[in-house]
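*Asks:* Okay, here's the structure, questions in a sec.
Only the coordinates and a few stated rules stand behind these numbers; no lab work does. Small disclaimer: the values here were computed from a predicted structure and weren't measured. Positions of Cβ are backbone-derived with ideal geometry, glycine not excepted, and every protein chain shown enters the neighbour counts.
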Amino acid sequence: MEKYTDKELVSLFSDPGSREHAFTLIMEKYQRRLYWHVRHIVLSHEDADDVLQNTFIKVWNNLDGFRGGSGLFTWLYRIATNEALSFLKREKGNRFLPWSGYEKQLEETLLSDEYFAGDAVAEKLQRALLRLPEKQRLVFNMKNFENLKYEDMSEILGTSVGALKASYHHAVRKIEQFLSQG
Amino acid sequence: MGVTDENGGKKDVFRVPDGYFDHLPERVMGRIRGEGAQGRGGVVPLRQKISRSLVAAAAALLLVIAGHYLLRTESVVPEGGTDSAVTAYVWSGDVDEQTLYEFIEGEDLLPEAYAAGGGEDPLIDYLVSEGVDESLLAELY
């Protein structure tokens, strides 16, 4: 795989002659990290696939306007996060369910997904995560599964590092309580 | 179908189909080229479910824009539910852009316009994503 810096990729993209090639390289570079981020939010592979494709199309349409104020990856991550959360909001709205009802449905989606291969403990952890407020679940996933630094998360989510640390702390406490219930 | 265990971080319980990442870029480019051939490359959700009121509102919006050229009567902002309001707009005639925008926003029909680094008009994005012909939107620019 060719190796370019993000700055070089954005520059290549700005040239119509190399735009498609540059965009393919961007997708190849970031698709896995973005996919897993989205997957942890929406849970099923099919939904993650939809959201990720829409994310990349959104990137294609807006990369010309990217001014480099944040890093390219942060910008991509932010779009993917917004797309995933918007997806959940639309799905919830389409079902006319209170949030607790939709959380139950997400749980069923998770357990019935052929691409979920967790054991009983993993299943219980995922159920615990679904009981967290959306932001806390997001923070927990980004810290625990995606190994993001608080500073990066702060840029992506637009939340202070202190608030993120508090959010993570509360998430861990709630998960521990849920898991200890047996 | 085989599955692989790929994750950028810790070992995970989620799986992804074999070869998924090998083909994703070409699938996305295929969609982009396909949308480019149709005109503006707007975001088109694959599995978004559209409520009946949204479909009705989008269709009525087309009629309102056409009605802008055909009817010249006083426009009235009706109270009441979405369907009656949309119907009233269809037949009311002259509707300016700001009124249209406020109507759609007030009826909670406008999807969230999240910042993505660009400066696209969220109303135009929404209309294009709902399949409204771009030539009918010319007056809104």
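*Asks:* Label segment A:118-182 by shape, choosing from rounded, prolate and oblate, from the square roots a ≥ b ≥ c of the eigenvalues of the Cα gyration tensor; if a/c is under 1.5 it is rounded, and otherwise prolate applies when a/b is larger than b/c, oblate when it is not. List each step's numbers first, then the result.
*Replies:* Numbers: a/c = 2.70, a/b = 1.91, b/c = 1.41.
Judged from the Cα gyration tensor, segment A:118-182 comes out prolate (a/c at least 1.5, a/b above b/c).
*Asks:* With 10 angstrom as the radius, rank A:Val42, A:Val59, B:Val13 by how many other C-beta atoms surround their C-beta, starting from the fewest. Kindly include the intermediate steps, with their values, before the conclusion.
*Replies:* On the way: A:Val42 23, A:Val59 26, B:Val13 18.
In order of increasing Cβ crowding within 10 Å: B:Val13, A:Val42, A:Val59.
*Asks:* Sticking with this structure for a sec: How high is the relative contact order of chain A, given as a whole-number percent (alpha carbon pairs under 8 Å, six or more residues apart)?
*Replies:* Numbers: 134 pairs, mean separation 35.9, N = 182.
Reported relative contact order: 20 percent.
*Asks:* OK, next. Calculated from DSSP H runs of 4 or more alone, at -39500 (n - 2.57) each and per residue, what is the 222 nm mean residue ellipticity of chain A, nearest 500? Before the final figure, lay out the partial values.
*Replies:* Details: 9 runs with 139 residues, N = 182.
The per-residue figure over chain A is -25000 deg cm²/dmol.
*Asks:* Multiplying the sequence separation of A:Glu123 and A:Val172 by 0.36 nm and subtracting their Cα-Cα distance, what value in nm do you get?
*Replies:* Working: separation 49, 0.36 × 49 = 17.64 nm, distance 1.62 nm.
Extending this stretch completely gives an extra 16.0 nm.
*Asks:* For segment A:111-126, what does the Karplus curve 6.51 cos²θ - 1.76 cosθ + 1.60, with θ = phi - 60°, yield as ³J(HN,Hα) per residue in whole Hz, taken in order and with x for Gly and Pro?
*Replies:* Values per residue, Gly and Pro as x: 5, 8, 5, 5, 9, 9, 10, x, 7, 4, 5, 5, 4, 5, 4, 5 Hz.
*Asks:* Expressed in nm², what is the orientationally averaged projection area of the convex hull enclosing the Cα positions of segment A:1-117? Write down the numbers at each step before the final one.
*Replies:* On the way: hull surface 33.8 nm².
If you wrap the Cα atoms of segment A:1-117 in a convex hull and average its projections, you get 8.4 nm².
*Asks:* Can you list residues whose amide H is under 5 Å from A:Leu132's amide H, if they're 5+ apart or on another chain and H is modeled 1.01 Å from N?
*Replies:* For A:Leu132, no residues qualify.
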